[in-house]
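Below: one structure, written as structure tokens.
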Amino acid sequence: QVQLVESGGGLVQAGGSLRLSCAASGSIFIINTMGWYRQAPGKQRELVANITRGSSTYYADSVKGRFTISRDNALNTAYLQMNSLKPEDTAVYYCNADVWVLGTARPPDGYWGQGTQVTVSS
């Protein structure tokens, strides 16, 4: 009933930029916090940034000053602007959202997109 679709990933050179988008659709009553996670091969999935409905933000230390998370509540969409990309940013980036659906229990970990690959070359 709820779908999250990420887009905007790709291959860039170190120092370049990408803008990721996450569009939520389906039986949405309201969306609370949205966030971006990433997972590199052999590593645990980690929180990159999140943003509340009121636009309070959190960033992992590794991306502070380089990444910016934002959202458009009218479009049920979150964005991640990634600047000054480094090879260590290479990962699959996943969108997560705490979506409230009428008549459906909230999953404790929210809803997840399928991921979009970001590859940063040296």
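The values are calculated or read from the model by the stated rules, or taken from the named source; none is laboratory data. Predicted, not measured: the structure shown is a model, and the values here were computed from it. A quick note on method: Cβ atoms are made from the backbone with ideal geometry, for glycine too, and the neighbour counts reach across all protein chains shown. Keep in mind that these areas ignore ligands, DNA and RNA; they rest on the heavy atoms of the full protein, side chains included. Shrake-Rupley method; radii C 1.70, N 1.55, O 1.52, S 1.80 Å.
Of the numbered criteria (1) assigned to a loop (DSSP other than H, G, I, E, B); (2) in contact with a helix residue (DSSP H, G or I) (Cβ under 8 Å, 6 or more places away or on another chain); (3) open to solvent by 40 Å² or more (accessible area, probe 1.4 Å); (4) among the aliphatic types (A, V, I, L, M), the one I28 fails is (2). Taking the numbered list (1) open to solvent by less than 50 Å² (accessible area, probe 1.4 Å); (2) under 17 Å from G8 (Cβ atoms); (3) in contact with a Gly (Cβ under 9 Å, 6 or more places away or on another chain) in turn, N76 passes all entries but (3).
Here A23 does not qualify as over 17 Å from D109 (Cβ atoms), without any contact (Cβ under 8 Å) to a residue 60 or more places away in the chain and open to solvent by less than 40 Å² (accessible area, probe 1.4 Å). Would you pick out the residues in the range 31-45 that are assigned to a strand (DSSP E or B) and open to solvent by 50 Å² or more (accessible area, probe 1.4 Å)? Within the range 31-45, N32, Y37, Q39 qualify. The condition (being closer than 17 Å to V118 by Cα, over 14 Å from the mean Cα position of the chain (by Cα) and among the aliphatic types (A, V, I, L, M)) is satisfied by just one residue among A105, A14, A74: A14. Of everything listed in (1) in contact with a Ser or Thr (Cβ under 8 Å, 6 or more places away or on another chain); (2) in contact (Cβ under 8 Å) with a residue 60 or more places away in the chain; (3) more than 16 Å from Q117 (Cβ to Cβ); (4) in a strand (DSSP E or B), the single unmet condition for E6 is (3). The lone criterion from (1) under 23 Å from T90 (Cβ atoms); (2) in contact (Cβ under 8 Å) with a residue 60 or more places away in the chain; (3) not in a loop (DSSP other than H, G, I, E, B) left unmet by V48 is number (2).
How many of the residues making up the range 79-100 are among the aromatic types (F, W, Y) and touching a Gly at 6+ places or on another chain (Cβ under 7 Å)? The qualifying residues number 2.
Restricted to the range 79-112, and to residues there that are open to solvent by 50 Å² or more (accessible area, probe 1.4 Å) and in contact with a Lys or Arg (Cβ under 9 Å, 6 or more places away or on another chain), the residue that is modelled with the lowest pLDDT is W100. Quick one: would you say I51 is surrounded by 20 or more Cβ atoms within 10 Å (Cβ to Cβ), more than 18 Å from G115 (Cβ to Cβ) and modelled with pLDDT of 95 or more? Here the answer is yes, as I51 does meet what is asked.
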